[in-house]
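The values are calculated or read from the model by the stated rules, or taken from the named source; none is laboratory data. In this text, all values refer to a predicted model and were calculated from it rather than measured experimentally. No Cβ is skipped: glycine too gets one built from the backbone with ideal geometry, and neighbour counts run over all protein chains shown. Just so you know, the surface numbers come from the protein's heavy atoms only, side chains and all, with ligands and any DNA or RNA stripped out. Shrake-Rupley method; radii C 1.70, N 1.55, O 1.52, S 1.80 Å.
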Amino acid sequence: MPARQRGVALAAVLWMVAALSVLALGLAATARTEVRSAQGVRARAEAAALGDGAIQLAVLELRSAAAGYEDYRQFHYLLGEREIIVTATPAGGLIDLNQASEELLAALFAGSGGVDPEQAAQLAHRVLAWRTPGLAVEAEDYAAAGVAFRPRGGPFEYPEDLLQVLGVDYDLYVKVRGLITVRGGSAGVAPKSASEAVLTLLAGGDQALAARIALQRGEDPATDFTALDHRFVAGGGSPVYRMEARVRIGDRSYVRTRWLDLSAAAPDGRPWRSFRVEAVTGN
């Protein structure tokens, strides 16, 4: 075979080897991606099962406690080899989108949402307008902005409804969603029921004060809350709870969230009702 033909044949062979190598690398990458995806699905399923089990244990402890539905509490469990932390937050310790004052909503958007005070005040006004019947002017603003949503003129049914308020994007919603509810039942927040993040909001952004109050209230039922902004403080408890179970699987932390009404029986005979289950999240 002439040298030129041998060179062409060698080049063809080398090209085929290179193509097969690229194909093999692609198949290997696809296989790794599919394995990781399957592992992620399995981890989320495990987190959901463990989280639900730990939440049931926490509810049993809550119902057996002598105190009313007022205290923000955490429970620690070891199920198998997994350590699970369950946080029980009464709805009274969250900011109720249907009841909160315009000032409290503005503080929420500015303090936790990180928007400037002028924009926060505008968003707070829009939340009130969204839930208030008959505000045609506000509907015109939505039309002018070219969005599909319009003010409902009625209560927020889910926390996610906040995304329908003009000017609220997903990034802002993520920042505040851990502090809000639609079933708090009060214009203010009960400090005994609030997380440290909500207490920081009530303390005007003073994290040290919020941490101190959070620590003291767990040890002293007569903790002084007068340093908090009195405009935003309310009393009483709520049988509605947000239950969050956090479990670490591998190098990721997963959260299972359920909303429960401890005063209402479930159809299956349990003395409490789960009325909302959120998808497992991981980070």
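Values for this structure:
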{"quantity": "Count of region 77-104 residues which are over 26 Å from V255 (Cα atoms) and hydrophobic (A, V, I, L, M, F, W, C)", "calculated": "2"}
{"quantity": "Residue in region 26-37 that is modelled with pLDDT of 85 or more and either open to solvent by 50 Å² or more (accessible area, probe 1.4 Å) or assigned to a helix (DSSP H, G or I) (or both) present", "calculated": "no"}
{"quantity": "Pairs, first free of Cβ contacts under 8 Å to residues at least 24 places away in the same chain in region 228-247, second open to solvent by 40 Å² or more (accessible area, probe 1.4 Å), C-beta under 6 Å, six or more apart", "calculated": "none"}
